[in-house]
Amino acid sequence: MSTATTTHTGGASGRRPRLTPGRTALLVVALLLVAAWLLPLVWAVATSLKPEGETTKTPLEWIGSKITFEAYAKVWESGDLLQWTVNSLFVSVITTLLTVVLCAMAAYGFIRTDFRGRRLLYGLVLAGIMVPPQVLIAPLFTEMVQLGLVDTYWGVILPQVAAPAMVFILVKFFDGVPRELEEAAFVDGAGRWRVFWTIVMPLSRPVLAAVAIFTFISTWNNFLWPFLVTTDPNGMTLPVGLVNVQSSFGVRYAQIMASLVIAGLPLLVVFMLFQRQIVRGIAHTGLAGQ
């Protein structure tokens with residue numbers, strides 16, 4: 001009797017959820033979104049593997065007469081991809097580390113300390129979210145010239161460290177950290193600095209991971225500022241170097257698509273490795289229910 005009951009219960013719990021009209025509609029929408037995201041990527045990869053003469057063939061075909069890696073070889077021969085990749089990796093990692101640390105310190109200062117002009121300063125930080133980065137390019141470039149940072153790593157890194165949106169996200173998260181934990185640490189003799197590093201930062205790992213990943217992706221993809229502040233080919237980041245390669249061989253669609261695939265592949269790997277942290281970080285920022 002008990003065996004039968006257990007079997008029945010297990011069978012009931014193992015049933016697939018029934019496809020209602022609402023669930024079917026959501027599934028269709030999800031599949032359409034996946035297709036809208038994947039089709040351009042698949043088309044870029046397919047075009048990069050075609051012979052150059054078949055990239056403009058009409059009617060368009062997804063697969064060429066043969067699969068060739070000639071476009072990738074041409075891009076590799078036309079530029080120093082290894083050096084540009086190392087430059088992009090260095091700039092992205094250092095920018096990410098500085099952004100996470102400095103934005104976390106700023107956010108904690110805004111939410112947990114009281115000083116004169118705090119609201120005004122925080123308001124200026126929020127106003128920075130509404131200012132397009134392109135508006136600041138001219139004064140930032142002038143400042144880099146005066147500081148002698150043109151054609152240096154720091155000239156590329158420092159302007160990207162100031163991230164008002166990340167400060168805002170961290171402020172929202174730190175506001176939800178229980179104050180009782182900090183007060184208990186103060187009673188035990190811990191100072192503000194120790195509380196920040198030993199209590200607040202460990203509790204903030206999900207949102208810090210999300211901020212780090214978003215910063216890394218945006219820095220890796222950034223083209224305009226590194227393009228303006230670097231002229232030495234040895235100091236170029238990958239997006240800038242690939243654009244120079246494209247201009248050298250003109251409009252050759254297979255090589256252009258190969259360049260785009262090369263530039264986007266590291267980010268795809270990062271997303272596949274850290275997608276769980278990205279979703280978890282978004283869920284813990286405090287913005288999901290706003």
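Estimate the FRET efficiency between residue 190 and residue 269 by the formula 1/(1 + (r/R0)^6), using the beta-carbon distance for r and 35 Å for R0, to the nearest 0.05.
Given R0 = 35 Å and the Cβ-Cβ separation, E is 0.30.
Does segment 134-180 classify as rounded, prolate or oblate by the C-alpha gyration tensor (a ≥ b ≥ c root eigenvalues; a/c under 1.5 gives rounded; else a/b over b/c gives prolate, otherwise oblate)?
The shape class here is prolate.
Where a ≥ b ≥ c are the square roots of the eigenvalues of the C-alpha gyration tensor, would you call the chain rounded, which needs a/c under 1.5, or, failing that, prolate if a/b is larger than b/c, or oblate?
oblate
Show 231, 215, 24 ordered by accessible area, largest first, where the area counts protein heavy atoms only and the probe is 1.4 Å.
Sorted by accessible area, descending: 231, 24, 215.
Would you mind checking segment 48-86 for residues with the amide N under 18 Å from a putative spin-label position 7 Å along Cα→C-beta of residue 42?
The answer is 48-50, 60-65, 67.
Which of the lysines could a cross-linker span from residue 57 if the Cα-Cα distance has to be under 22 Å and same-chain partners fewer than 8 positions apart are dropped?
Hits, sequence-local ones excluded: 66, 74.
What figure, in Å² to the nearest 10, do you get for the accessible area of residue 181 with a 1.4 Å probe and non-protein molecules left out?
Surface open to solvent at residue 181 totals about 80 Å².
Could you please tell me the mean projected area of the C-alpha convex hull for segment 80-169, averaged over all directions and given in square nanometres to one decimal?
7.1 nm²
Which residues make up the longest stretch of the chain that has no chymotrypsin sites (Phe, Trp or Tyr not before Pro) in a DSSP loop with at most 10 other Cβ atoms within 10 Å?
That would be 116-290.
Any idea of residue 152's accessible area? Nearest 10 Å², probe 1.4 Å.
50 Å²
Only helices at least 18 Å long along their axis, Cα-based, and averaging -1.0 or more on Kyte-Doolittle count here, so list those DSSP H runs from the chain.
21-48, 81-112, 118-130, 205-221, 253-284
Can you give the relative contact order of segment 86-240 as a percent, counting alpha carbon pairs under 8 Å and 6+ residues apart?
Worked out over segment 86-240, it gives 44 percent.
Stokes-Einstein at 25 °C, 0.890 mPa s, Kirkwood radius from Cα pairs: D for segment 180-229 in µm² s⁻¹?
Once the numbers are plugged in, D ends up at 184 µm²/s.
For segment 75-289, what % of the accessible area comes from carbon and sulfur atoms, probe 1.4 Å?
That share works out to 68 percent.
Determine the per residue accessible area of segment 40-184 with all protein chains present and a 1.4 angstrom probe, expressed in square angstrom.
Heavy-atom accessible area per residue stands at 59 Å².
Quick one: ranking 201, 272 by accessible area, 1.4 Å probe, largest first, what do you get?
My answer, sorted largest first, is 272, 201.
Would you compute, from DSSP H runs of 4+ residues alone, the mean residue ellipticity of the chain at 222 nm, taking -39500 (n - 2.57) per run and dividing by the full residue count, rounded to the nearest 500?
-23000 deg cm²/dmol
To the nearest 0.05, how large is the calculated FRET efficiency for residue 223 and residue 113 if R₀ is 25 Å and r is the Cβ-Cβ distance?
The calculated FRET efficiency here is 0.10.
Using the C-alpha atoms of segment 111-210, what convex hull volume per residue, in cubic angstrom, is computed?
152 Å³
The values are calculated or read from the model by the stated rules, or taken from the named source; none is laboratory data. This is a predicted model, so every value here is computed, not measured. As a convention, Cβ positions derive from the backbone with ideal geometry for all residues, glycine included, and neighbour counts pool all protein chains shown. The area values use the complete protein model at the heavy-atom level, side chains included, leaving out ligands, DNA and RNA. Shrake-Rupley method; radii C 1.70, N 1.55, O 1.52, S 1.80 Å.
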